[in-house]
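Reviewing the structure listed below.
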Amino acid sequence: MPTDISAKFPGWRNGREDGFDIEPLYINMGPSHPAMHGTVKMVLKLDGETVVHADVEIGYLHRCFEKTVEAKTWNQVIPYTDRLNYVSPLINNMGYCLAVEKLLGVQVPERTDYIRTVMCELSRIGDHLTCIGAGAMELGALTAFLYFMKAREASWQLIEEVTGARLTISYGRVGGVVRDLPASFAERWAWVKSQVEENLGEVATLLNGNRIFIDRMKGVGVMPLDRSLQYGMTGPFARAAGFDYDVRRDEPYFAYGKVAFDVPTRSAGDNWARYEVRMEEIRQSVRIVDQALAAMPEGPVRVEDPRVSLPRKKEVYSNIEALMNHFKLLMPGHGIRPPAGEVYCAVEGGNGELGFWLISDGSDRPWRVRVRPPCFAIMSGVEELILGEQLADIVPVFGSVNMIGGELDR
Amino acid sequence: MQPNSSPPLHDELTARFGDAVLAAESLGGREALVLRPSALLEAVRHLRGALGFDVLIDLCGADYSGYPGHQGDPLCVSYQLFSTATRRRAWLKVYLPLEGARVDSLCGEYGCANWYERETFDMYGVDFAGHPNLKRLLLYEEFKGHPLRKDYPIQKMQPLIPMRNAVDYEAVARARRSQSPDEAGGR
Amino acid sequence: MAGDPLQEVVLTTKLDKVLGWARKYSLFQYPFVTACCGMEFMSTSASHYDTDRFGAAFPRFSPRQADLLMVVGTITHKQAPVLKRVYDQMCEPKWVVAFGVCATSGGFYQNYGSVPGIDCFLPVDMYIPGCPPRPETVIDALLKLQERIQNQRHAVL
C-alpha cells in the first residue's frame with residue numbers, strides 16, 4: 001500500500017533543486033507529546049514542512065489485556081474491559097458481556113437491553129465530546145474544550161449516580177447489569193441533556209463558522225472511501241468517507257432495533273467531515289436515550305439463570321439452595337462456565353466495530369479473549385493519511401482519528 | 001448478529017479450490033472455514049475479487065495448545081472478512097504448528113493486514129511470507145519470546161532499564177503455586 | 001513598633017520560605033499522560049475542578065520548562081526509557097507525582113508489559129491512589145505537595 005509520496009502526489013520533486021543539495025529532516029514526534037495522546041511515536045521524514053514519509057510506532061501502552069484475562073474468571077475480566085476504550089468504558093463492558101452471553105446462550109431480560117442501550121449511548125456521547133474537545137483544544141480553541149468538559153462532567157455525574165464510578169465503572173455483568181437505574185434517572189437525564197445540547201450549540205456557534213477552524217479542517221487529512229475500506233476502517237472515521245455501515249443499525253443488538261435513529265455519513269473524508277459526523281452522532285445518541293427511556297419496560301435487570309447470576313442476598317441468607325448456588329458461582333473452579341466453543345461478536349464502539357472473539361474451553365476462565373480494536377485499523381492507515389500533509393496538520397488529523405491507547409495497544 | 005448464509009460460501013470455495021477447505025466449524029451461530037495454509041492466499045484472492053469481500057475486519061492468532069479435544073496443529077490464525085456490497089461476513093482459519101509457523105501474508109490484498117500480521121507475529125511468532133516489514137508492533141525489539149503463546153509465563157518481565165525494588169511477581173506466583181497446587185495462577 | 005512605615009512595606013522571612021512560596025504557587029506541570037487517568041487529569045484541569053486556582057494550570061510540554069512531572073497512567077517497559085529520559089532532562093528543582101495506582105504500584109497489571117510502579121526507576125514525591133483518582137483526590141495531593149514544597153529546603157547556590 002502506498003507509503004511513498006510520489007504515489008499520492010505524482011508531480012513531487014525529490015532531492016536536488018537549483019543545484020542545492022536538499023536533505024530531508026527527520027523528526028521524532030512522541031511518544032510523550034501533547035498531541036500524540038501520550039502513546040504514539042511517529043518518526044517523520046520532512047521536506048520542509050511536508051511529511052514525505054511517516055513511521056508510526058505504537059505499543060507504548062501494551063498492558064497485556066489478552067494474556068491477563070486468560071487467568072481471570074469470566075466476570076473478573078470486566079474491569080479490564082473498562083480500561084480498553086477508556087472514554088467509553090460502558091460500551092466495552094456491554095460488548096464483552098454480550099459476547100459471553102452468546103457463548104452461554106442466555107437472553108437477558110428486556111429491561112436490561114434498554115438499560116444497556118441507554119448507558120452505551122451515554123458513554124458514546126462522552127467519547128465524542130472528548131474527541132472533538134481535545135481536537136479543538138489542540139488547534140487552540142481552548143474554550144470549546146472547556147465547554148465540552150462541562151457537558152462531559154454532567155454525563156459523568158449521571159454515570160456515577162448509576163454505576164458508582166465516573167470512569168472505570170464495571171457496570172456490566174454476564175447476564176445483566178449490576179443494579180437498576182436510580183429512581184431519579186429521568187429527571188437527571190433531562191438536566192444532562194440540557195447541558196449537552198446547550199454546550200453543543202455553543203461550540204457549534206464557535207466553530208462552525210470560524211474561518212481558522214474551517215481552514216484547518218476542510219480538505220485536510222482526506223481519506224477517500226476506497227482507501228478507508230482497504231484499511232478496514234469502520235465507525236465515524238469511515239462514515240465520514242461514505243461507508244454507510246453501523247453495527248447498531250445493521251446488526252442490531254440490545255434495544256437498537258426498537259429505537260429510531262439516523263446514522264450520519266458524509267463523503268468528503270476529511271477532518272471537517274469527521275467533525276460533523278461526530279457532532280451529529282451526539283445528537284442522535286441523545287435521541288436514542290430519550291426513546292429508550294420512554295420505552296423502557298419494568299422487570300429484573302439480571303437474567304434469572306442459576307448458572308449465571310448470583311441469587312438475591314435475601315435468598316442466600318434464608319435458604320440453602322440459594323446459598324449453594326451462591327457458592328457455586330463464586331468458588332474457584334466453579335462459577336460461570338460457558339460450554340466449550342467460540343463466538344465472534346461485534347458492537348459499535350465509539351470508533352467503530354468493536355469485536356470480541358471469545359474461546360471457551362468449558363471452564364470458568366476464558367481460553368482466549370481477542371478484542372478487535374476499531375482504532376487499530378484506523379491507525380494502520382495513518383501513515384498514508386499524513387503523507388503530503390504539513391507538520392502542523394498532523395495535529396488535527398491525529399485528533400480526528402481518536403486514537404485511544406488502551407484500545408490500540410490493549 | 002444474524003448468522004451469515006455460509007453454506008453457499010463453503011460450497012463455493014470447495015467447488016473452486018477442492019481440498020483447500022479442510023473443515024467447517026460451527027461457532028456461535030456462524031461458520032468458520034478451516035483452510036489449508038498453503039491455499040489461504042488463493043482463497044482470499046477469490047473471496048476478495050469474485051465474491052466481493054473487500055474489508056478485512058480482523059486478523060489474529062490463538063494458541064490451542066492444551067485445549068481439550070483439539071487435534072492437529074495448535075496455532076491458529078483467524079481472519080474475519082466483510083463484504084460491503086452484500087453485507088456478509090466470512091470467517092477463515094488456518095492451523096499452524098508451533099515450530100515453523102508460516103503462512104502467506106495478505107499485505108498485497110488489504111492495507112491493514114500489515115499491522116495485524118505484525119501484531120500476530122509479535123504475540124504468537126507466526127511468520128508471514130511476503131510481509132514487507134515483519135517486526136514487532138506492540139512490544140519492543142529487545143523482547144524475547146512470544147507472550148500470547150501458552151508457554152510464556154505472564155509475569156516474566158524483560159525490563160529495558162534497571163528496575164530497583166521491583167517485586168518479582170513471577171517468583172511470588174511460583175512460590176505460591178508450589179505451596180497450594182489448586183491456586184489459580186493462570187495457564 | 002506601631003506606626004513604623006517600614007513595617008508596612010517590608011516583609012521579613014527566610015529565603016527558603018519565600019522560594020517555597022513562589023515555587024509552590026507556580027508549578028508548571030509536565031503531564032506525562034498515557035492512559036485512562038489522563039481523562040481524570042483532563043477533568044481536573046477543566047473548569048469544574050480547576051487546578052488553575054492553585055497555580056498549577058499550565059502544562060508545559062517541554063521538560064526544560066517544567067518542574068512538576070506528573071506521570072499519569074500506566075508506564076510500560078517500552079515507555080520507561082522515554083520517561084526516564086524526560087525526567088533526566090528536567091532541571092532542578094523538580095518534583096514527581098505518581099498519578100493513579102498504575103504509576104504508583106502497577107495497579108492491577110502484573111504482567112510482562114507494565115512497570116510495577118514508577119518508583120522502580122524514578123524518585124517520587126507524591127503518590128495519588130485511585131483507578132482513576134477522583135479529581136478531589138488530585139487536588140488534595142496537589143495541596144499536600146504544595147505544603148511539602150513550602151517546607152522543603154530550597155538551595156540557591
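The values are calculated or read from the model by the stated rules, or taken from the named source; none is laboratory data. For clarity, every value in this text was computed on a predicted model and none was experimentally measured. Glycine gets a Cβ as well: all are built from the backbone with ideal geometry, and neighbour counts include every protein chain shown. Accessible surface is based on the protein model in full, side chains and every heavy atom, while ligands, DNA and RNA are left aside. Shrake-Rupley method; radii C 1.70, N 1.55, O 1.52, S 1.80 Å.
Across the range A:141-162, what is the number of residues that are touching a Lys or Arg at 6+ places or on another chain (Cβ under 9 Å), open to solvent by 10 Å² or more (accessible area, probe 1.4 Å), farther than 15 Å from residue A:195 by Cα and in contact (Cβ under 8 Å) with a residue 24 or more places away in the chain?
Selection size over the range A:141-162: 1.
Does any residue in the range A:54-71 that is facing chain B (nearest Cβ under 9 Å) come within less than 6 Å, Cβ to Cβ, of a residue that is surrounded by fewer than 21 Cβ atoms within 10 Å (Cβ to Cβ) and basic (Lys, Arg) six or more places away or on a different chain, and which pairs are these?
Between residues of the range A:54-71 that are facing chain B (nearest Cβ under 9 Å) and residues that are surrounded by fewer than 21 Cβ atoms within 10 Å (Cβ to Cβ) and basic (Lys, Arg), the close pairs are A:57/A:41.
Given the criterion open to solvent by 40 Å² or more (accessible area, probe 1.4 Å), within 14 Å of another protein chain (Cβ to nearest Cβ) and of a type in the set (Phe, Trp, Tyr), identify the matching residue among C:61, C:32, C:99.
C:61
List the pairs whose first member sits in the range A:226-237 and is among the charged types (D, E, K, R), whose second member is part of a helix (DSSP H, G or I) and open to solvent by 10 Å² or more (accessible area, probe 1.4 Å), and whose Cβ atoms are under 7 Å apart, counting only residues at least 6 apart or on separate chains?
Here the result reads A:227/A:384, each pair linking the range A:226-237 to a residue that is part of a helix (DSSP H, G or I) and open to solvent by 10 Å² or more (accessible area, probe 1.4 Å).
Taking the range B:73-113, which residues are more than 15 Å from the chain's Cα centre (by Cα) and β-branched (Val, Ile, Thr)?
Scanning the range B:73-113 gives B:84, B:86.
Restricted to the range B:40-97, and to residues that are within 14 Å of chain A (Cβ to nearest Cβ) and of a type in the set (D, E, K, R), which residue is surrounded by the fewest Cβ atoms within 10 Å (Cβ to Cβ)?
Out of the qualifying residues, it is B:87.
Does residue B:142 satisfy being open to solvent by 40 Å² or more (accessible area, probe 1.4 Å) and modelled with pLDDT under 90?
In short, no.
Give the range A:295-317 a look and list any residue that's assigned to a helix (DSSP H, G or I) and open to solvent by 90 Å² or more (accessible area, probe 1.4 Å), or say none.
Here is the first cut: in the range A:295-317, the residues assigned to a helix (DSSP H, G or I) are A:295, A:313-317.
Those that are assigned to a helix (DSSP H, G or I) and open to solvent by 90 Å² or more (accessible area, probe 1.4 Å): A:313, A:314, A:317.
Within the range C:39-62, work out how many residues are within 20 Å of residue C:122 (Cα to Cα) and at pLDDT 90 or above.
Result for the range C:39-62: 0.
Among the residues of the range C:103-117, how many are within 10 Å of another protein chain (Cβ to nearest Cβ), of a type in the set (A, V, I, L, M, F, W, C) and touching a residue at least 24 places away in the same chain (Cβ under 8 Å)?
1
Only residues that are hydrophobic (A, V, I, L, M, F, W, C), in contact with a Leu (Cβ under 8 Å, 6 or more places away or on another chain) and free of Cβ contacts under 8 Å to residues at least 40 places away in the same chain: list them for the range C:75-102, please.
Step one: of the range C:75-102, the residues hydrophobic (A, V, I, L, M, F, W, C) are C:75, C:80, C:82-83, C:86, C:90-91, C:95-99, C:101-102.
Of the ones still in play, those that are also in contact with a Leu (Cβ under 8 Å, 6 or more places away or on another chain) are C:75, C:80, C:83, C:86, C:90, C:95-97.
Once the filter is applied, which keeps residues that are hydrophobic (A, V, I, L, M, F, W, C), in contact with a Leu (Cβ under 8 Å, 6 or more places away or on another chain) and free of Cβ contacts under 8 Å to residues at least 40 places away in the same chain, the range C:75-102 yields only C:96.
Looking at A:389, A:348, A:383, can you tell me which residue is more than 20 Å from residue B:117 (Cβ to Cβ), of a type in the set (Asp, Glu) and open to solvent by 10 Å² or more (accessible area, probe 1.4 Å)?
Numbers: A:348 fails: open to solvent by 10 Å² or more (accessible area, probe 1.4 Å); A:383 fails: more than 20 Å from residue B:117 (Cβ to Cβ).
Selected residue: A:389, the only one of A:389, A:348, A:383 that is more than 20 Å from residue B:117 (Cβ to Cβ), of a type in the set (Asp, Glu) and open to solvent by 10 Å² or more (accessible area, probe 1.4 Å).
Need the failing condition index for residue C:91 against (1) modelled with pLDDT under 90; (2) over 23 Å from residue B:162 (Cβ atoms); (3) open to solvent by 10 Å² or more (accessible area, probe 1.4 Å); (4) not in a helix (DSSP H, G or I), just the number.
The single condition residue C:91 does not satisfy is (1).
I need every pair where a residue in the range C:124-140 that is under 25 Å from residue A:79 (Cα atoms) and assigned to a loop (DSSP other than H, G, I, E, B) has its Cβ under 6 Å from the Cβ of a residue that is open to solvent by 20 Å² or more (accessible area, probe 1.4 Å) and aliphatic (A, V, I, L, M), sequence separation at least 6 or different chains.
C:129/C:101; C:131/C:101
Touching a residue at least 12 places away in the same chain (Cβ under 8 Å), within 14 Å of chain A (Cβ to nearest Cβ) and surrounded by 20 or more Cβ atoms within 10 Å (Cβ to Cβ): does that describe residue C:46?
Values: touching a residue at least 12 places away in the same chain (Cβ under 8 Å): no; within 14 Å of chain A (Cβ to nearest Cβ): yes; surrounded by 20 or more Cβ atoms within 10 Å (Cβ to Cβ): yes.
In short, no.
Go through the range A:354-370 and count every residue that is at the interface with chain B (Cβ under 9 Å from one of its Cβ atoms) and either closer than 26 Å to residue A:236 by Cα or of a type in the set (A, V, I, L, M) (or both).
Here the count works out to 5.
In the range A:86-105, which residue that is of a type in the set (A, V, I, L, M, F, W, C), over 19 Å from residue A:118 (Cα atoms) and in contact with a strand residue (DSSP E or B) (Cβ under 7 Å, 6 or more places away or on another chain) is nearest to the other protein chains (Cβ to nearest Cβ)?
Step by step, filter the range A:86-105, then rank; the result is A:103.
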